[in-house]
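In what follows, a structure is listed as structure tokens, so that the remarks can point back to it.
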Amino acid sequence: MQSFMRRATLAVMLASVVAAPVSAQQAASGTNASALSASPFGPVEAGDPATVKMPQLTFTSDGTEAGDFDKYYAFHRADTDYATAYVDIAECDGYARGLQSGIGYMQTPYPYAGTMAGALGGAIGGMMAAAIFGSGEKRRLRRVNMRTCMNFKGYDRYGLPKGLWEEFNFEEGLSGVTEARRRGYLQVQALVASSGTLQGKALGL
């Protein structure tokens, strides 16, 4: 029951930020993430971390890249193993892409009131919002949901230059990526989140 309530809380939090700016979502910080280790979207297989290559994470600052750290970043949480990080990132990816969960009556991260996308109805609302506002808005909503979810789970966020970020991340606007490519990207992100060495200061939500 407690696990269900925590998942329902996370789903409601994600719903509340669909149309809200990132800076308004400070309430999620500081929450213990250990209780959220199992994905509501079904079992996930992280794979063998030995087969996943750590990307380049170090860079020499030119003083300009920080202006894009709201878009380009990586997550990390101390004392987290690869398998746990993969489950966490895969779950947050599920919320961000509007998958249906198995947590009961709340079938999507969007309730049917309170936000425009919610009022339009879950994934259909997301598609209509994308059609109205364009690919850029859909990418922004994904970033908002991923950042809120991972912050809720206790991960810090560190900025990266765009070129390094593009090596192990993807943007999902009006078109997406194949499931195989998505899983590969998420595996690298999980490796970074668990054992990567990221420079600079933690950026918060």
For ASP70, the lone unmet condition from (1) farther than 15 Å from MET146 by Cα; (2) at pLDDT 80 or above; (3) open to solvent by 30 Å² or more (accessible area, probe 1.4 Å) is (1)
When every residue in region 161-175 that is closer than 25 Å to ALA83 by Cβ and over 15 Å from the mean Cα position of the chain (by Cα) is compared, the one surrounded by the fewest Cβ atoms within 10 Å (Cβ to Cβ) is GLU167
Mind checking which residues of region 162-182 are more than 22 Å from ALA78 (Cα to Cα), touching a residue at least 40 places away in the same chain (Cβ under 8 Å) and assigned to a helix (DSSP H, G or I)?
-> LYS162, ARG182
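What number of residues within region 177-201 are of a type outside the set (S, T, N, Q) and exposed (fewer than 13 other Cβ atoms within 10 Å of the Cβ)?
Number of matching residues: 4.
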Sole miss for LEU57 among (1) open to solvent by less than 20 Å² (accessible area, probe 1.4 Å); (2) at pLDDT 80 or above; (3) more than 17 Å from ALA193 (Cβ to Cβ); (4) not small (Gly, Ala, Ser) is condition (3)
Name every residue in region 151-161 that is over 16 Å from PHE69 (Cβ atoms) and part of a helix (DSSP H, G or I), in order of residue number.
-> PHE152
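The values are calculated or read from the model by the stated rules, or taken from the named source; none is laboratory data. Predicted model, so just to flag it, every value in this text is computed and none were measured. FYI the Cβ positions are ideal-geometry reconstructions off the backbone, even for glycines, and counts take in every protein chain you see. Accessible surface is based on the protein model in full, side chains and every heavy atom, while ligands, DNA and RNA are left aside. Shrake-Rupley method; radii C 1.70, N 1.55, O 1.52, S 1.80 Å.
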